[in-house]
1. Only one of these conditions is not met by residue 99: (1) surrounded by 17 or more Cβ atoms within 10 Å (Cβ to Cβ); (2) outside any strand (DSSP E or B). Which number is it?
2. Do we find a residue being in contact with a strand residue (DSSP E or B) (Cβ under 7 Å, 6 or more places away or on another chain), more than 23 Å from residue 79 (Cβ to Cβ) and part of a strand (DSSP E or B) anywhere in the range 144-161?
3. Quick one: count up the residues across the range 172-193 that are in a loop (DSSP other than H, G, I, E, B) and either in contact (Cβ under 8 Å) with a residue 60 or more places away in the chain or under 16 Å from residue 108 (Cα atoms) (or both).
4. Which residues, counting only those in the range 40-86, are part of a loop (DSSP other than H, G, I, E, B) and either within 20 Å of residue 192 (Cβ to Cβ) or in contact with a strand residue (DSSP E or B) (Cβ under 7 Å, 6 or more places away or on another chain) (or both)?
5. Condition test on residue 136, is it farther than 16 Å from residue 61 by Cα, more than 15 Å from the chain's Cα centre (by Cα), buried (at least 16 other Cβ atoms within 10 Å of the Cβ) and at pLDDT 95 or above?
6. Taking into account only those residues within the range 139-171 that are within 19 Å of residue 105 (Cα to Cα) and free of Cβ contacts under 8 Å to residues at least 24 places away in the same chain, which is nearest to the chain's Cα centre (by Cα)?
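The values are calculated or read from the model by the stated rules, or taken from the named source; none is laboratory data. Fair warning: this is a prediction, and the values are worked out from it, not measured in the lab. As a convention, Cβ positions derive from the backbone with ideal geometry for all residues, glycine included, and neighbour counts pool all protein chains shown.
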């Protein structure tokens, strides 16, 4: 009787140990993502030969990023999302381009409710700038590194684990300054998010 109980105890300990290892493995995955943000103050307006126009806005464009989610304890609903990426927006013509770019670093704290993640955190953008080529070759503007905050909502397609695909929405509040600007430029945007954790 004692031997059977001892064996069952060893088996149960082994199962719990395996479950704990699996939990840690699935709750701290790497991820990649892409989002598109719209909004921000207009930096420049391009008028094409047919009379149509297109505007380049601060912090508007496509953001590619990669990073890691860190679990804040076993079975904790809180996860820390740390990522680095590249953001670019542009106005393109046959005789030149006008481009906005930056290198964002983000730290977002997420609270998980089954398939839903709600997050808030900070974004620090390195080397934000406007560059022109061709017809816009004289429009070059380097901005100071900028700190802002992010609010993000995500819906995960895989319940209970931090893996798989997710879609969401995000709001970014950030402003840019430079010695070449009279006043700050707002880069506050709203966008859509797609991410994949593995």
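1. Only one criterion is unmet by residue 99, namely (2).
2. yes
3. Going through the range 172-193 one residue at a time, the tally reaches 3.
4. Answer for the range 40-86, where residues must be part of a loop (DSSP other than H, G, I, E, B) and either within 20 Å of residue 192 (Cβ to Cβ) or in contact with a strand residue (DSSP E or B) (Cβ under 7 Å, 6 or more places away or on another chain) (or both): 40, 41, 48, 58, 59, 60, 72, 77.
5. It is false that residue 136 is farther than 16 Å from residue 61 by Cα, more than 15 Å from the chain's Cα centre (by Cα), buried (at least 16 other Cβ atoms within 10 Å of the Cβ) and at pLDDT 95 or above.
6. 171
For (1) more than 18 Å from residue 33 (Cα to Cα); (2) in contact with a helix residue (DSSP H, G or I) (Cβ under 8 Å, 6 or more places away or on another chain); (3) surrounded by 17 or more Cβ atoms within 10 Å (Cβ to Cβ), each residue gets a yes or a no:
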position: 118; (1), (2), (3): no, no, no
position: 124; (1), (2), (3): no, no, no
position: 141; (1), (2), (3): yes, no, yes
position: 145; (1), (2), (3): yes, no, no
position: 158; (1), (2), (3): no, no, no
position: 169; (1), (2), (3): no, no, no
position: 193; (1), (2), (3): no, no, yes
